[in-house]
Amino acid sequence: MSAIPQQVLARQKAAVNTFVAAQTAMFEGFEKLIDLNLKVVKATLDEVSQKSQQAADLKDAQDVSSFISASAQPSADKALAYSKHVYDIFAGMQTELSKLAEAQIAEGREQVSAAVEQLTKNAPAGSESAVAMLKSSLATATSAYDSLTKAAKQAAEVAENNLSAAANATYKAATDAAEAAGKATSRRRAA
């Protein structure tokens, strides 16, 4: 068997392996998401049952007001925690898929470099300038890709930091609002 069909088969096998790895990463991420949602539903049902019991025992308007304000903060915290978990799951999936893509790109670079080297060895006399230009173009393209990759990673980090800052600000605002509601309820009881 010649070397070319073996190379084609090896590339096809690598492509299938990469596809399977990508599908596995996505499946594992969605499995984590389903598991998280099942846990949230179970916890929510348990909490609704408990809160229903507590609501049935309320006697007057002040008790209702206290009950509502006491329920607001944990709900905001749980929603924020849920969002963070979902974000972490998708970020993990994105990281795995990025690693696979980077590996594919690195393999493609190696193949192109090997092809250029093979071309250099088999190039006819007098084509040195064309081969040098091809090598220079390859080096330039590689450098441009590296710069774009670095810029994309930096942009992703900035976006993640901004998202984290926004989530923290939202959490602080929710906490402050719940504290203010609690103080207002306490003042009404004292009055």
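Table for the structure above
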item	result
Any chance LEU138 is touching a residue at least 12 places away in the same chain (Cβ under 8 Å) and either exposed (fewer than 12 other Cβ atoms within 10 Å of the Cβ) or part of a helix (DSSP H, G or I) (or both)	yes
Residue in the stretch 59-76 that is farthest from GLU179 (Cα to Cα), counting only those that are surrounded by 14 or more Cβ atoms within 10 Å (Cβ to Cβ) and free of Cβ contacts under 8 Å to residues at least 40 places away in the same chain	ASP63
Candidates ALA125, ALA91 - the one that is small (Gly, Ala, Ser) and part of a helix (DSSP H, G or I)	ALA91
Answer from GLU96, GLU110 - the residue that is surrounded by 14 or more Cβ atoms within 10 Å (Cβ to Cβ), of a type in the set (Asp, Glu), modelled with pLDDT of 80 or more and assigned to a helix (DSSP H, G or I)	GLU96
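The values are calculated or read from the model by the stated rules, or taken from the named source; none is laboratory data. The model shown is predicted, which means the values in this text are computed figures rather than measured ones. Every residue, glycine as well, gets a Cβ built from its backbone with ideal geometry; the counts of neighbours run over all protein chains shown.
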